[in-house]
Amino acid sequence: MDRLKQIESFVSVATRGSLTAAALIEGVAPAVMGRRIDALESRLGVKLLLRTTRRISLTHEGSAFLEDCQRLLVDFNNAEASVSAGGVKASGHLRITAPAGFGRRHVAPLVPEFLAEHPDVSISLNLSDRVVDISGEGFDCAVRVGDLPDSSLVSVRLADNRRLCVATPAYLKRAGTPLHPAELARHSCLTLSSDASQTRGWAFLVDGEVIFARPAGRLDCSDGQVLHDWCLAGLGLAWRSTWEVEADIQAGRLVAVLDAFAAPPNGIFVLIQQRKHLPLRVRLWIDFLKLNYGRDAYWRP
């Protein structure tokens, strides 16, 4: 007897609590379902279901085995779908969280294309600069930019993220161009406020060692887009990611300074709870981001 069919029958009976209900779904007699369960229990040498004339319940071993079987069937169906003649077929609801600024520019615009490729998938996108607890709040994955804290979550690197120190030509003409990170102390620096998800400060490579500066200024804000706007208004120096300021630099609205001290890039990541038993829709979303973010042309205006 087909081992997979035994497992499918066991899951169907266990989740429906009835041989008759499971048999009706499959279009066979209840006795057929019973024989499959008997064969499975005999092969494993354990009792999985307690059957009476009134009800069916799981044994302790049956409960543990049910969870494993459900994951196995999901993986099997995903594997079949990924090579089926009709192509990859994902379905279900996908819950994603991302930083507000990056999400507006580089996550939300990709969603329509992904949905067009996978019409049976729906998406909820949460944009927030707080560090969202994806397991506690029920998210499938989180896009994160920058250094990652130690965590039990699994990270997948999608692209490099380089940070630049930038200002307007007018500000640099007025205040002078800093030639060393130590000179930031005499400049107006636009910084993320302490309650934002800032990491360790502005990173520079000095004498072969990465240092972290925490410059002070008259203005700070918890919103990166506001800092960007203030920088464009000529109010000071800002430390921003290339994905935020590349177009402004090419257009001459902003100028990068201290490039000789640029620190190695950190990353753009997607975080998931575990690699195993990942729903197909989540795997395809991660692959979709990697494909787009992996193209150099994507980041160039």
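The values are calculated or read from the model by the stated rules, or taken from the named source; none is laboratory data. Because the structure is predicted, anything quoted here is derived from the model rather than measured. Ideal geometry is used to build each Cβ from the backbone, glycine not excepted, and the neighbour counts take in all protein chains shown.
Tell me, yes or no, whether segment 185-201 has at least one residue that is loosely packed, with under 12 Cβ neighbours inside 10 Å and under 26 Å from PRO264 (Cβ atoms).
Within segment 185-201, the subset loosely packed, with under 12 Cβ neighbours inside 10 Å is 185-186, 194-195.
Then keep just the ones that are under 26 Å from PRO264 (Cβ atoms); that gives 185, 194.
Checking segment 185-201: at least one residue is loosely packed, with under 12 Cβ neighbours inside 10 Å and under 26 Å from PRO264 (Cβ atoms).
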(request) Return the pairs, sorted by first residue and then second, in which the second residue is surrounded by 13 or more Cβ atoms within 10 Å (Cβ to Cβ) and acidic (Asp, Glu), the first residue lies in segment 15-32 and is more than 21 Å from GLN70 (Cβ to Cβ), the beta carbons are less than 9 Å apart, and the residues are 6+ apart or on different chains. (result) VAL32/GLU26
(request) Among what's in segment 36-53 and is under 43 Å from the mean Cα position of the chain (by Cα) and of a type in the set (Lys, Arg), pick the residue that is surrounded by the most Cβ atoms within 10 Å (Cβ to Cβ). (result) ARG36
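Here's the yes/no breakdown for (1) surrounded by 14 or more Cβ atoms within 10 Å (Cβ to Cβ); (2) in contact with a helix residue (DSSP H, G or I) (Cβ under 9 Å, 6 or more places away or on another chain); (3) among the polar types (S, T, N, Q):
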position: ALA21; (1), (2), (3): yes, yes, no
position: ALA31; (1), (2), (3): no, yes, no
position: GLY34; (1), (2), (3): yes, yes, no
position: ARG55; (1), (2), (3): no, no, no
(request) Counting only residues that are of a type in the set (Gly, Ala, Ser), in the same structural domain as VAL282 (by TED's automatic domain parsing) and in contact with a strand residue (DSSP E or B) (Cβ under 9 Å, 6 or more places away or on another chain), give me the helices (runs of 4 or more DSSP H) lying completely in segment 22-131 with at least 1 of them. (result) 100-106
(message) I'm trying to understand the selection: among the residues of segment 140-176, which are surrounded by 15 or more Cβ atoms within 10 Å (Cβ to Cβ), out of contact with any Lys or Arg (no Cβ under 8 Å at 6 or more places or on another chain) and of a type in the set (S, T, N, Q)?
(response) ASN161
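For segment 246-257, state whether one or more residues are within 30 Å of PHE76 (Cα to Cα) and buried (at least 16 other Cβ atoms within 10 Å of the Cβ). Don't jump to the end; show me each part of the working.
Initially, segment 246-257 is screened for residues within 30 Å of PHE76 (Cα to Cα), giving none.
No, segment 246-257 has no match at all.
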(request) Among the numbered conditions (1) out of contact with any Ser or Thr (no Cβ under 8 Å at 6 or more places or on another chain); (2) over 17 Å from SER241 (Cβ atoms), tell me where PHE261 comes up short. (result) (2)
(request) Residues that are without any contact (Cβ under 8 Å) to a residue 60 or more places away in the chain: find the strands (runs of 3 or more DSSP E) completely inside segment 191-301 holding 2 or more of those. (result) 202-206, 209-213
